Amino acid sequence: MNIWSATLNGKAYQVLTDLPNGIYVVSMAVYSEKMDSYVFANLNQKSVRAGVAGATYEITTNVTEGTLAFGVGQEKEGTNWIALDNAIVKYYGSGTDALKYWLNSLKDRATDFSEVPVQQTLVDEYNKVMEEVKVAETEEAILAVIPKMEDINNRINLNIAAYNELEDVIDEANELLSDPNINTYYGDKMGDAAGEKEEIVKAHTLGTEEVEAAAKELDDLKDEAQDYIWQME
């Protein structure tokens, strides 16, 4: 599926019906030009990193009424390019053993946050949920903790993506600062702004929306400086 430069918000999806209930894993290779897209399987979803070609996303869900809807979505209206391919649906059975498989798959995907910028409060929340995951044994306990794990994983992925986007904008701003046609006004203003944003990345204490706002602020200033350079050239 290829959605080319379309203005959209909402979902593009396929629905499978008359399925046996139980645990299903859906994997999809997805490209999104922007970072507000997500893949989903029923109520579970995972954010899509912007601009990563060929990335595969896997979502696990518990089918309870014989129906599985899966695909891609976009929260905010805007022009985006989304491509989806190689959708695979796997069934892992039902009952406690299947739920334990799901839980173990979450444990196996436990993230090491030492090498990535991410808000510390989210990491603390993640660690608390992981403690619940480790002791969940009954079907009731597993069903209670899985949505918590999927939710914190999604919010952490969004936060990491926002910090990565901010780092990219900082790199672009620093590269523009070396252009001989930039004047003192824009050079000083953008240099100070890039330095402030670098401190934000080092501290990694801000939430996703705050980081996105910081990236947009620097990106707007960078575009303004680039327009000035083009005029000078």
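So here's what we get for this one:
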read-out: Of the criteria (1) open to solvent by 30 Å² or more (accessible area, probe 1.4 Å); (2) in a strand (DSSP E or B), which one residue 127 fails; value: (2)
read-out: Candidates 94, 114 - the one that is assigned to a loop (DSSP other than H, G, I, E, B), of a type outside the set (Phe, Trp, Tyr) and free of Cβ contacts under 8 Å to residues at least 60 places away in the same chain; value: 114
read-out: Count - residues of the stretch 154-164 that are modelled with pLDDT under 85 and crowded, with 19+ Cβ neighbours inside 10 Å; value: 3
read-out: Members of the stretch 14-37 found to be free of Cβ contacts under 8 Å to residues at least 60 places away in the same chain and either open to solvent by 10 Å² or more (accessible area, probe 1.4 Å) or small (Gly, Ala, Ser) (or both), listed by number; value: 15, 17, 18, 29, 31, 32, 33, 34, 36, 37
read-out: When residues of the stretch 49-73 are limited to those that are within 18 Å of residue 165 (Cα to Cα) and either touching a Phe, Trp or Tyr at 6+ places or on another chain (Cβ under 6 Å) or in contact (Cβ under 8 Å) with a residue 60 or more places away in the chain (or both), the one surrounded by the fewest Cβ atoms within 10 Å (Cβ to Cβ); value: 53
read-out: Residue satisfying condition, being farther than 30 Å from residue 96 by Cα, open to solvent by less than 50 Å² (accessible area, probe 1.4 Å) and assigned to a helix (DSSP H, G or I), within set 226, 231; value: 226
read-out: Neighbours by Cβ (under 9 Å, 6+ apart or cross-chain): first from the stretch 162-186, farther than 14 Å from residue 227 by Cα; second open to solvent by 90 Å² or more (accessible area, probe 1.4 Å); value: 162/209; 162/210; 164/49; 169/216
read-out: Where a residue in the stretch 216-233 is among the aromatic types (Phe, Trp, Tyr) and its partner, wherever it lies, is open to solvent by less than 80 Å² (accessible area, probe 1.4 Å), with Cβ under 6 Å and at least six apart; value: 228/186
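Yes or no, residue by residue, for (1) at pLDDT 90 or above; (2) open to solvent by 90 Å² or more (accessible area, probe 1.4 Å):
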{"site": "166", "(1), (2)": "yes, no"}
{"site": "180", "(1), (2)": "no, yes"}
{"site": "192", "(1), (2)": "yes, yes"}
{"site": "201", "(1), (2)": "yes, no"}
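The values are calculated or read from the model by the stated rules, or taken from the named source; none is laboratory data. Model, not experiment: these values are computed from the prediction. Because the Cβ atoms are built from the backbone with ideal geometry, glycine has one as well, and the counts that use them run over all protein chains shown. Accessible surface is based on the protein model in full, side chains and every heavy atom, while ligands, DNA and RNA are left aside. Shrake-Rupley method; radii C 1.70, N 1.55, O 1.52, S 1.80 Å.
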